[in-house]
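Each remark here refers to the structure printed beneath this line.
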């Protein structure tokens, strides 16, 4: 069942088209991520879903509730859409306590006082901030502030929660941890979410499905592993950092007609020298021990190539490389 | 699928207040500021507009523009303003330069003292100089000489006004000297510059934009000042634009087209000076932004310290001590004829202010009530306008933006004329004219730029996500304004309210022009007491005014939300 339907949404700012005829569906209880470089229109689309921007034309509905329908000149203001929103800069009201911040959407929905109290305690518990209810936001760390923001978005049980780069203000360790937490909360509450980011790792952390956007269009849609294993073209492969991209002529056995070949890092192996297999010779540029393996950068016919190795290599050393043919992608 | 286009705003379903808020803000600003300005313009162009006739267009313009009196008044206004600006610069520059070399503690003391002239309304300052220097004034009684000849002359007016206004330039310029720091001077010294050369070739050119831009503020304040030219200038037939307008209204037959032509000239002069000031101020702030402040204070020699003491001491004596002492002593004298003697001291006049049912007490309570209402009204309108201009940013906000900066450059006299021309018309079903409400309208109109500037700046600092989060939580525009933004802006709003209160509680020109018969404010009371020769009663009221508005301003500046607002003080 689709929880959010977007049909033919278009938006121009002056002469530039920001969104061109976008159509998307988000399934109930799933997390969809809009991923793309800055200027691709992902944030505008999110703000249009929220009602903070007005599209030029199109249709948006959450379940039975129609947000936008240009055919009927219908446009619901944001305060009537019953959504949750998690902002990059948290958007917490500095004059209200943590509990009052979270209670605000419930008050707006005219929830009885006793129920507000119960629900606030519930979501505070869920984001592990029960002890901080009376504090002002300024007393909290960045990660805590973002968890309050998430609790506020969850509080009124909205049909949909929108995340605008929720992790990008946090440092790397916290990012991973909070990303996991958001996924887990979304699953726990069966919450449908739309997330926006320019960071592929954030997208990997936080998505059931990813929409890769470019120049106001959906470039590719799929589950994270589909996107990263099979990017639709060299641009997508490069943006997703899906692996090494080499010109076809330096890769032995390339399909005729292909101009560029995607070689996933895990598809590159050091030739062990005993077997004579078709491969390439490369010169090691650097070899660093990262996580539990060696990340090696080597030069092949003037192109840098990244691979993983189980032993250290010397810069300047010549090595033979083999590619797992099945993993290679040929772009024409 | 080609879809119908959503036009912004028109397609909103349900209860969006945006168009309504924009309309309300625009309507308020148009009524308060747009209408009076329009009235002046229309009257100047179409002298019979009050009969809904566009007959004889421009018939008033040319004769008035050729009028020798008008030309004389305009030239007087210009030369007075230039003279005051020049003298203020001359007084302020050495003080500002030395201030930047001083230790923080010593500098703060002088700064505090030089803030005092802002607390003395200029008309009260002028009256105190009269008490001091006139024939048989305090100087004659104590020292045996009077300077009446000097006081009632062009150089006399220039001096009195410059002594009141030079701190404006002093504060701006000493800040600029401090920003520039000693580094550039040190560099010049290494290359063999003498102190005088360094000042003239390095420091002076660098502070010149600030000097000019604060000088232009002094120019605007002088050209719109009524009290001092009226009090001192009328004794030797010196007429400026503002006093000429006053005459047009007080001499029968009242010459409305003539007054509006004069007002138009006044507005244009003030407006251009103000725009020039803004441009210069912007340029300087961008030019020195990336300079570092670092430069240790240099030890000061004893001789230099003595010179500083002499310099600042005499400035403070002239601009602060003498006027304040004169006011204080006059307020305590029983009768003017009794002269300066201990037998003649009494608290009669001060006590008389607080007699219930007395005229003085009525004036005080009128002023305080109106000032309080003006503070509330001005701040409330400013919150609405700031929200509309900063947050809605639709097409209509450009007009609002313009209307909100307009009163910065509109002299109080022009506001008064505009309000008279607007509201003294038979076709209004109801009018504030001839009721105390017209004073409230005038005060709000005059003070609006302060809260609007302060609140707009503060609102721009608040991230937009605070509003967006509230909308998404289900709050409408009114709730966002009342429950989110107003509490967050409260400290700034309070500080702005204090400034409005201080200005409104002592405003002279529009009060004098607009107060209905039988209604006195503090300022008109002082002014009329002098006209009637009850100088000591007037001075007693002045003393209380200075103390009240002074403590309000000091209180306002200690509030967390306050920042020294750039611009005019009245």
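The values are calculated or read from the model by the stated rules, or taken from the named source; none is laboratory data. This one's a predicted model, so the numbers in the text were calculated from it and none came from an experiment. Because the Cβ atoms are built from the backbone with ideal geometry, glycine has one as well, and the counts that use them run over all protein chains shown.
Here are the numbers:
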| quantity | calculated |
| --- | --- |
| Selection status of residue A:96, assigned to a helix (DSSP H, G or I) and in contact with a helix residue (DSSP H, G or I) (Cβ under 8 Å, 6 or more places away or on another chain) | no |
| Selected residue [within 18 Å of the chain's Cα centre (by Cα) and buried (at least 24 other Cβ atoms within 10 Å of the Cβ)] from B:505, B:551 | B:505 |
| Candidate set from the range B:14-70 (those that are within 14 Å of chain A (Cβ to nearest Cβ) and surrounded by 15 or more Cβ atoms within 10 Å (Cβ to Cβ)); member that is modelled with the lowest pLDDT | B:16 |
| Test: residue B:513 is within 15 Å of residue B:353 (Cβ to Cβ) and either at pLDDT 90 or above or not assigned by TED's automatic domain parsing to the domain that holds residue B:369 (or both) | no |
| Residues that are surrounded by fewer than 16 Cβ atoms within 10 Å (Cβ to Cβ) and away from chain B (no Cβ under 14 Å), drawn from the range A:18-57 | A:25, A:27, A:28, A:29, A:37, A:38, A:39 |
| Complete set of residues in the range A:76-87 that are touching a helix residue (DSSP H, G or I) at 6+ places or on another chain (Cβ under 9 Å) and facing another protein chain (nearest Cβ under 8 Å) | A:77, A:78, A:79, A:81, A:82, A:83, A:84, A:85, A:87 |
| Checklist (1) modelled with pLDDT under 95; (2) facing chain B (nearest Cβ under 9 Å) applied to residue A:101, failing item | (1) |
| Residue that is nearest to residue A:168 (Cα to Cα), among those in the range A:64-75 that are crowded, with 21+ Cβ neighbours inside 10 Å and either within 7 Å of chain B (Cβ to nearest Cβ) or out of contact with any strand residue (DSSP E or B) (no Cβ under 8 Å at 6 or more places or on another chain) (or both) | A:75 |
| Residues (within 8 Å of another protein chain (Cβ to nearest Cβ) and surrounded by 17 or more Cβ atoms within 10 Å (Cβ to Cβ)) located in the range A:104-113 | A:104, A:105, A:108 |
| Helices (runs of 4 or more DSSP H) fully within the range B:303-408 counting 2 or more residues that are assigned by TED's automatic domain parsing to the domain that holds residue B:523 | B:348-353, B:359-387, B:397-405 |
| Selected residue [more than 14 Å from residue B:415 (Cα to Cα), within 14 Å of chain A (Cβ to nearest Cβ) and free of Cβ contacts under 8 Å to residues at least 24 places away in the same chain] from B:483, B:464 | B:483 |
| Of all residues making up the range B:467-480, the number that are out of contact with any strand residue (DSSP E or B) (no Cβ under 9 Å at 6 or more places or on another chain) and surrounded by fewer than 21 Cβ atoms within 10 Å (Cβ to Cβ) | 3 |
| Residue in the range B:427-438 that is in contact with a helix residue (DSSP H, G or I) (Cβ under 8 Å, 6 or more places away or on another chain) and under 30 Å from residue A:152 (Cα atoms) present | no |
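For (1) under 29 Å from residue B:246 (Cα atoms); (2) modelled with pLDDT of 90 or more, each residue gets a yes or a no:
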{"site": "B:355", "(1), (2)": "no, no"}
{"site": "B:359", "(1), (2)": "yes, no"}
{"site": "B:369", "(1), (2)": "yes, yes"}
{"site": "B:375", "(1), (2)": "yes, yes"}
{"site": "B:397", "(1), (2)": "no, no"}
{"site": "B:405", "(1), (2)": "yes, no"}
{"site": "B:410", "(1), (2)": "yes, no"}
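For (1) crowded, with 20+ Cβ neighbours inside 10 Å; (2) in contact with a strand residue (DSSP E or B) (Cβ under 8 Å, 6 or more places away or on another chain); (3) modelled with pLDDT of 90 or more, each residue gets a yes or a no:
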residue	(1), (2), (3)
B:98	no, no, no
B:126	yes, no, yes
B:131	yes, no, yes
B:153	no, no, yes
B:157	yes, no, yes
